[in-house]
Amino acid sequence: MLQGCRSVDEFERLNKINEGTYGVVYRARDKKTGEIVALKKVKMEKEKEGFPMTSLREINILLSLNHPSIVDVKEVVVGSRLDSIFMVMEYMEHDLKGVMETMKQPYSQSEAKCLMLQLLEGVNYLHHNWVLHRDLKTSNLLLDNSGNLKLCDFGLARQYGSPLKPYTPLVVTLWYRAPELLLGAKEYSTAIDLWSVGCIMAELLTKEPLFYGGDEKTQLNKIFKTLGTPDEKSWPGYKNLPGAKAAFANHPYKLREKFPRASFSGQPTLSDAGLDLLNKLLTYDPEERITAEEALRHPWFIELPLPKSKDFMPTFPAHNNKDRTVRQRVMKNPDPVEEQLKAAKGREPWRIRLA
Ligand SMILES: Nc1ncnc2c1ncn2[C@@H]1O[C@H](COP(=O)(O)OP(=O)(O)OP(=O)(O)O)[C@@H](O)[C@H]1O
């Protein structure tokens, strides 16, 4: 697979952009063409021999995809000692997590609609190509200054076929993780990505993560406190899920309180159509949850205010020579989320690492 790949020496590394679980990402210049690209170094230490399977899977998937809402992987290059591999991707100035940390106000309804449409287009394309993303979150949504949004980080993406085979359930970052995964479902499907899209929609409108639990139980309790505790009526088969044996307090549905129709206190508002879409994305029963294709046709997108044109989306100063990890540390809000993290005593509770 790696035969005939160019060497990473053909790129000048300009600066480290960020470091995730599966690899370091650099901004780099192609020495031949002068093009600025993102180079993702694939982490090797987790695999005893050979290249890490997660990355080979990610590369194969990414090389085969082509959509305006999916980050373009241009090629794979090899390290000078052939002991490492790098993905060469189109460079995107920002990620949504970093951008939202610098914003004073959340996105407006029309801006949120513009971003949601692009996100749903990307997810719809993936699902039509039998790919689950499985790790959708704000740091995996890249933005440029032309209003484009693109999905990245397919470290956890998997191609799936029919009939569904069980996958490991511990895959989606906790805050965006679907309840069926939190409750230990053995089989799951595209619906897990739509749950994450629902969490992202709410976050676009409030600038705060919708459900921020430090462990599975807390995460489920946060969800239940807002959406009401599920039962056999709202989610047929719920009782049979391994995690549903635990005792959860009975909470009523309260999502409307978080998003009133009108507000005088500056609280984010949402029309009936907007709340309907959010409810359909955050539906407990995965079989009933809206699909990306259906969501793209939802009336929220055609009611006023209409989605903002990409040309008028807010832009953010370039931070070409900065490491986003450092920037994100500086910009972090001292808010309840932070308290939650402190309480988790040094673990990274929202990240579930694959064994
Ligand atoms: N093509 C790109 N252009 C610019 N920045 C990028 C690009 N790809 C990734 N990044 C930056 O690097 C960060 C980490 O990338 P990515 O999510 O692919 O790595 P990961 O190791 O799989 O991380 P994670 O911890 O999210 O699983 C992103 O949040 C983003 O800030």
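With respect to residue 109, determine if the residue is of a type in the set (S, T, N, Q) and crowded, with 18+ Cβ neighbours inside 10 Å. So residue 109 fits the description; yes. Among (1) open to solvent by less than 50 Å² (accessible area, probe 1.4 Å); (2) within 27 Å of residue 16 (Cβ to Cβ); (3) modelled with pLDDT under 95, there is one condition residue 81 misses while meeting the rest; what is its number? Unmet condition: (1). Of the helices (runs of 4 or more DSSP H) lying entirely inside region 184-287, those containing at least 3 residues that are modelled with pLDDT of 95 or more and under 30 Å from residue 129 (Cα atoms) are 191-206, 272-281. For residue 68, are the conditions met, namely being out of contact with any helix residue (DSSP H, G or I) (no Cβ under 6 Å at 6 or more places or on another chain) and more than 9 Å from the ligand (Cβ to nearest atom)? Criteria met by residue 68. Scanning region 41-78 for residues that are modelled with pLDDT under 85, touching a strand residue (DSSP E or B) at 6+ places or on another chain (Cβ under 8 Å) and open to solvent by less than 50 Å² (accessible area, probe 1.4 Å) gives 42, 52, 55, 58, 59, 61, 62. Within region 80-106, being touching a Lys or Arg at 6+ places or on another chain (Cβ under 6 Å) and not in a loop (DSSP other than H, G, I, E, B) holds for 86, 87, 88, 98, 100. Mind checking whether some residue in region 183-195 is over 24 Å from residue 153 (Cα atoms), more than 16 Å from the ligand (Cβ to nearest atom) and without any contact (Cβ under 8 Å) to a residue 60 or more places away in the chain? Within region 183-195, none of the residues are over 24 Å from residue 153 (Cα atoms), more than 16 Å from the ligand (Cβ to nearest atom) and without any contact (Cβ under 8 Å) to a residue 60 or more places away in the chain.
Going through region 119-148 one residue at a time, which ones are buried (at least 22 other Cβ atoms within 10 Å of the Cβ) and more than 12 Å from the ligand (Cβ to nearest atom)? Passing the criteria: 119, 120, 122, 123, 126, 131, 132.
Residues being modelled with pLDDT of 70 or more and either near the ligand (Cβ under 8 Å from one of its atoms) or assigned to a loop (DSSP other than H, G, I, E, B) (or both): count how many of those fall in region 151-173. Result for region 151-173: 4. Selection of region 214-244 for residues being of a type in the set (S, T, N, Q) and more than 16 Å from residue 198 (Cβ to Cβ) yields 218, 221, 229, 240.
The values are calculated or read from the model by the stated rules, or taken from the named source; none is laboratory data. Please read these numbers as outputs of a predicted model, since none were measured by experiment. Here the Cβ is made from the backbone with ideal geometry for all residues, glycine too, and neighbour counts use every protein chain on show. SASA here: full protein model, heavy atoms, side chains in, ligands and nucleic acids out. Shrake-Rupley method; radii C 1.70, N 1.55, O 1.52, S 1.80 Å.
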